[in-house]
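Chemist: Structure below; questions to follow.
The values are calculated or read from the model by the stated rules, or taken from the named source; none is laboratory data. Since we're looking at a predicted model, the values are computed, not measured. Because the Cβ atoms are built from the backbone with ideal geometry, glycine has one as well, and the counts that use them run over all protein chains shown. Accessible surface is based on the protein model in full, side chains and every heavy atom, while ligands, DNA and RNA are left aside. Shrake-Rupley method; radii C 1.70, N 1.55, O 1.52, S 1.80 Å.
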Amino acid sequence: MAGLAALLTRLVPAQTQAIRSRLSQVWMSGLVSLLPLRVRCLGALPRQPSLWLSNHVSWVDIVLLGRLAPLHFLSKAEVAAWPVIGWLAKGAGTLFIQRGTGAATSLNDQLSGMLAAGHSLMIFPEGTTTAGDRVRTFHGRLLGCAVETGAPVQPVAIAYRRCGERDSVAPFINDDEFTAHLWRLLGSERIDVEIHLLPPLRAGSAPRNQLAREARASVIQVLGLEDGADTNASPSLSRRAA
């Protein structure tokens, strides 16, 4: 599908973004149907281009959220060089983050341009994944694009559960390897996934760090966590998330 997207964008360049977004959604929906997931989505999808902020548990988050709406994701620059995965990410229109202070301003300008052009963005502001037992600090570095464009900030909370308890298979953390994790996931029993689309925040002139704190607080509340940490988390899961 990435190859088809590349071909079609050459033939009809004016429709590049629309083609990529539609094919990405179809592909992600197909992948979700192969995984042992029972998904429940609560809340309303944004009606205008927004900056989505979500807690981050697994690479599966990207697939689940990407099938809901046309979204552009951010990824570390190293992923672009990964065999196959990097090619697929490029085909889906992923934006790659270069590390370093000099790149932050340039990236923020790029993000602002995409929001202004009517494209929604998806950011995982924790900067890493957790075992689902906590929500780390939401970093506000990349939220300046919402402040500059006035785009709404859409907080999202995602949780993986089995028999009412936090699931331990879905999290993709520490030095986990993609292929091994995928096989474990495919061999797993049914996992219940809850995706909460929370009330959007209006950026306006609010400081970006304040927006990040408000978004994190709403995610923590709906996930039933206290101060960002699950008080019922097992010691082993807490260490894995650290």
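Chemist: Using a 1.4 angstrom probe on the protein heavy atoms only, could you order Glu214, Glu189 from most to least accessible area? Show your work: numbers first, answer last.
Modeler: Working: Glu214 80, Glu189 130 Å².
The residues order as Glu189, Glu214, largest area first.
Chemist: Could you pull out every residue, at least 5 positions away or on a different chain, whose amide H is within less than 5 Å of the one on Ser120? Hs are placed 1.01 Å off N in the peptide plane, and Pro or chain starts have none.
Modeler: Hits under the 5 Å cutoff: Ser50, His72.
Chemist: What full-extension length gain, to one decimal in nm, is calculated for Thr179 and Asn209 as 0.36 nm per residue of separation minus the Cα-Cα distance?
Modeler: Working: separation 30, 0.36 × 30 = 10.80 nm, distance 3.58 nm.
Full-extension gain reported as 7.2 nm.
Chemist: Using only protein heavy atoms and a 1.4 Å probe, report how much of Trp27 is accessible, in Å² to the nearest 10.
Modeler: 120
Chemist: What distance in nm separates the simple spin-label points at Ala80 and Arg47, each placed 7 Å from Cα in the Cβ direction?
Modeler: Each label point lies 7 Å from its Cα, and together they span 3.7 nm.
Chemist: On to the next question. Gain in length, Val26 to Val39, computed as 0.36 nm per residue apart minus the alpha-carbon separation, to one decimal in nm?
Modeler: Full extension from Val26 to Val39 adds 3.0 nm.
Chemist: Could you derive backbone 3J(HN,Hα) for the range 142-149 from the dihedral phi with the Karplus parameters 6.51, -1.76 and 1.60 (θ = phi - 60°), listing whole Hz in sequence and x where the residue is Gly or Pro?
Modeler: Once rounded to whole Hz, the list reads 9, 8, x, 5, 5, 5, 5, 9.
Chemist: Quick one: accessible surface of Cys163, probe radius 1.4 Å, all protein chains present, in square angstrom to the nearest 10.
Modeler: So the heavy atoms of Cys163 present about 130 Å² to solvent.
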